[in-house]
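Participant: Got a structure here, written out as structure tokens. Questions coming.
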Amino acid sequence: MADHPTLPSRPTYRILFVCLGNICRSPTAEGVMRHMLRDAGLENDVDVESAGTGGWHIGHPPDERATSAAKRRGIALESRAQRFIADHFDDFDLILAMDRQNLADLQAIAPPPAERRAEVRLFSEFLPPGAPPDVPDPYYGGDAGFERVLDLVERGCEAIVDHLLGAESARRG
Ligand code: 4NP
């Protein structure tokens, strides 16, 4: 049998953003996060996906209003909607719910923390004190709602990247 040199392996940290439809807020967070990870040189160390607790839009691209708003800030949204499934609790390290209802829906089906891989948290924990607890659902509103989502998502994702960079430098020692 051929002797293959083994590549230095390191665990990939996996993040999943979760909202209701997976066509507005969580795909925006996924796109913004991917963009920021590339800028930070972490794109090979961190995987990002998004999912919805509802299944209406499975396979669909993000809402055109979300895509346009992100594009105006130089960010591409390229995901396809998937529904959150229980396996995700073991496939990801960090699951971030975009609002408190999304978090409650996840917690209702989550195995106990000791029996799952993922930490399940609210996205707004990464926002500054005084920020709203929810990234508001923009689906039934106007364009301003999509700008607001981007404002909140950009701030939160910056804090998440800082958190990951801190963990990375601690790992390197
Ligand atoms: P999202 O927004 O959860 O941010 O993707 C929504 C998209 C679609 C629906 C609700 C919210 N919907 O009811 O179809």
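Participant: What does the convex hull of the alpha-carbon atoms of the stretch 1-157 project to on average, in nm²?
Facilitator: 11.7
Participant: Of all beta bridges DSSP finds with both residues in the chain, what is the antiparallel percent, to the nearest 5?
Facilitator: Of those bridges, close to 0 percent are antiparallel.
Participant: Would you please name the chymotrypsin sites (Phe, Trp or Tyr not before Pro) within the stretch 3-95 that are DSSP coil residues with at most 16 other C-beta atoms within 10 Å of their C-beta?
Facilitator: Answer in residue order: TRP56.
Participant: May I pose another question? Accessible area of the stretch 67-127 with a 1.4 Å probe: how many percent of it is carbon plus sulfur?
Facilitator: About 46 percent, which is the carbon plus sulfur part of the accessible surface.
Participant: Using the heavy atoms of the protein chains alone and a 1.4 angstrom probe, what is the accessible area of the chain per residue in square angstrom?
Facilitator: With the other protein chains kept in place, the chain gives 54 Å² per residue.
Participant: If I stretch the segment between GLU168 and ILE58 completely, what's the gain in nm (0.36 nm per residue apart, minus their alpha carbon distance), one decimal?
Facilitator: Length gained, GLU168 through ILE58: 36.2 nm.
Participant: On to the next question. Per DSSP H run of n ≥ 4, the term is -39500 (n - 2.57); total these for the chain, divide by its residue number, and report the mean residue ellipticity at 222 nm rounded to 500 deg cm²/dmol.
Facilitator: It lands at -12000 deg cm²/dmol.
Participant: Rounded to whole Hz and in sequence order, give me ³J(HN,Hα) for the stretch 67-82 from the Karplus expression 6.51 cos²θ - 1.76 cosθ + 1.60, θ = phi - 60°, writing x for Gly and Pro.
Facilitator: Those phi angles translate into 4, 5, 4, 5, 4, 4, 9, x, 10, 8, 10, 10, 7, 10, 5, 10 Hz.
Participant: Right, next: Kindly provide the trypsin sites (Lys or Arg not before Pro) of the stretch 74-173 that DSSP labels as loop, not H, G, I, E or B, and whose Cβ sees at most 15 other Cβ atoms within 10 Å.
Facilitator: ARG80, ARG117
Participant: Using Cα pairs closer than 8 Å and at least 6 residues apart in sequence, work out the relative contact order for the chain, in percent.
Facilitator: 24
The values are calculated or read from the model by the stated rules, or taken from the named source; none is laboratory data. From a predicted model like this one, the values you see are computed outputs, not experimental measurements. Every residue, glycine as well, gets a Cβ built from its backbone with ideal geometry; the counts of neighbours run over all protein chains shown. Surface accessibility is based on the protein's heavy atoms, side chains included, excluding ligands, DNA and RNA. Shrake-Rupley method; radii C 1.70, N 1.55, O 1.52, S 1.80 Å.
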